[in-house]
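Here's the structure, in structure tokens; my notes come after.
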Amino acid sequence: MMNLTDMNVIRTLAKRHHFTFSKGLGQNFLIDPEVCPAIAMYGIPSPECGVLEIGTGFGVLTQELALKSEQVAAVELDKRLAPVLKETLGEFPHVKIVWQDIMKVSLPEFLAEQFGTRKVAVCANLPYYITSPVLMHLLESGVRFESITVMVQQEAADRLCARLGTRAAGAVTAAVQLRGQAEQLFAVPRDSFFPAPKVDSAVIRILPYDTPPCTPETLKRVLRVVKAGFAQRRKTAVNALSAGLDLSKEQVTAALAECGHGATVRFEQLDLDQVLALTQILLPEAD
Ligand code: SAM
């Protein structure tokens with residue numbers, strides 16, 4: 001197996017294949033030898049579990065995933081990487097590279113095609129310019145992944161794993177945590193990548209709930225409330241929700257009072273259970 005954390009190997013490969021790193025595609029490749037084995041260890045529950053990787057780069061993480069899983073499918077947008085990957089992943093026949101934009105992949109069909117009925121986990125060092133869209137694409141796909149273990153910028157990790165009801169939380173926190181339990185696994189300093197980005201990173205893992213806290217129909221209503229509440233987070237919840245949901249201030253004040261809150265509370269102070277309760281009052285299920 002080629003050592004893709006060795007800078008000499010990376011430079012030689014890049015030179016041989018005239019490869020230049022694209023900032024626009026978020027091409028910061030991992031060069032710390034401890035990080036990829038750790039992602040694979042946390043992210044792959046058993047060898048029978050298939051793995052979907054997003055963004056192979058030169059294949060440093062893909063190699064580790066291939067060592068721990070019987071089947072890996074990796075979606076990569078940059079076709080210039082094809083000759084490099086032929087060299088670095090050639091020895092792993094159970095790795096399939098699919099040249100596509102992950103945002104354009106219809107996941108249920110794609111996974112059925114690639115993995116059949118096999119369970120699937122996601123492992124990736126995500127391109128940072130589309131961290132939240134990719135996570136939403138995965139979580140909204142309707143696919144029940146075993147786990148989603150991804151490298152993101154430290155700031156995004158803090159936001160995604162924040163506790164709802166604290167200042168660190170945002171709309172994306174709620175959107176993720178309504179679907180699964182999110183935790184930060186470990187920090188990864190910027191010099192673990194080549195080229196080094198300007199900020200540090202962290203690996204997070206989302207474990208989708210076996211039993212979600214609400215039905216898909218309720219989830220849609222909760223997300224409307226969340227969007228409205230966080231859209232104007234500096235304002236009181238009364239002002240943010242009445243503007244965002246087109247409700248009277250009296251209605252929202254009364255609903256908040258029912259949930260035990262005064263008129264000055266901000267939306268970011270509400271925890272998940274309170275947001276669920278508030279939704280049932282403000283946007284009750286249609287008969
Ligand atoms: N896994 C490699 C590693 O850890 O060194 C590369 C990670 S690098 C941060 C992100 C990778 O995602 C790049 O190879 C980039 O070309 C690819 N990428 C960027 N946008 C993509 C998209 N929309 N769909 C699929 N892959 C994408």
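The values are calculated or read from the model by the stated rules, or taken from the named source; none is laboratory data. Just so it is clear, the structure is predicted and the values come from calculations on it, not from any experiment. Cβ atoms come from the backbone with ideal geometry, glycine included; neighbour counts cover every protein chain shown. These area figures cover heavy atoms from the full protein model, side chains too; ligands, DNA and RNA do not enter into them. Shrake-Rupley method; radii C 1.70, N 1.55, O 1.52, S 1.80 Å.
Per-residue ellipticity at 222 nm, computed for the chain from helices alone with -39500 (n - 2.57) per DSSP H run of at least four residues, works out to -11500 deg cm²/dmol.
Modelled spin labels at residue 269 and residue 1, positioned 7 Å past Cα toward Cβ, are 5.2 nm from each other.
The string of couplings for the stretch 244-250 from the Karplus curve (6.51, -1.76, 1.60, θ = phi - 60°) is x, 10, 6, 10, 6, 5, 4 Hz, one whole number per residue in order, with x for Gly and Pro. Listed by chain and number, the lysines whose alpha-carbon sits under 26 Å from that of residue 220, ignoring those within fewer than 8 places in the same chain, are 104, 235, 249.
Over the stretch 216-282, with every protein chain in place, what whole percent of the accessible area is carbon and sulfur at 1.4 Å, could you tell me? Heavy-atom surface of the stretch 216-282 belonging to carbon and sulfur, 1.4 Å probe: 51 percent. Taking amide H atoms as placed 1.01 Å from N in the peptide plane, the amide H of residue 97 lies under 5 Å from those of 74, each 5 or more residues away in sequence or on another chain. In the context of the full set of protein chains, the chain has a per residue accessible area of 48 Å² (1.4 Å probe).
Counted over the stretch 1-138 with a bin width of 10 Å, the fraction of Cα pairs per bin, in whole percents, is 12, 45, 36, 7, 0. Given a 1.4 angstrom probe, I'd like the percentage of the accessible area of the stretch 7-208 that is carbon and sulfur, rounded to a whole number. Whole-percent figure for carbon plus sulfur exposure: 54. Accessible area of residue 209 (1.4 Å probe, protein heavy atoms only, ligands and nucleic acids ignored): about 70 Å².
Kirkwood-based Rg over Rh for the stretch 83-146 (C-alpha set), two decimals?
Reported Rg/Rh, Kirkwood definition of Rh: 0.98.
Treating each Cα of the stretch 129-287 as an identical point scatterer and summing with the Debye formula, the log10 of I(q)/I(0) at q = 0.11, 0.15, 0.19, 0.20 Å⁻¹ comes to -0.48, -0.82, -1.15, -1.23. Taking 7 Å steps out from each Cα toward its Cβ at residue 187 and residue 82 produces label points 4.2 nm apart. Here the Karplus relation 6.51 cos²θ - 1.76 cosθ + 1.60, evaluated at θ = phi - 60°, turns the backbone of the stretch 34-42 into coupling constants of 8, 6, 5, x, 5, 4, 5, 5, 6 Hz, with x for every Gly and Pro.
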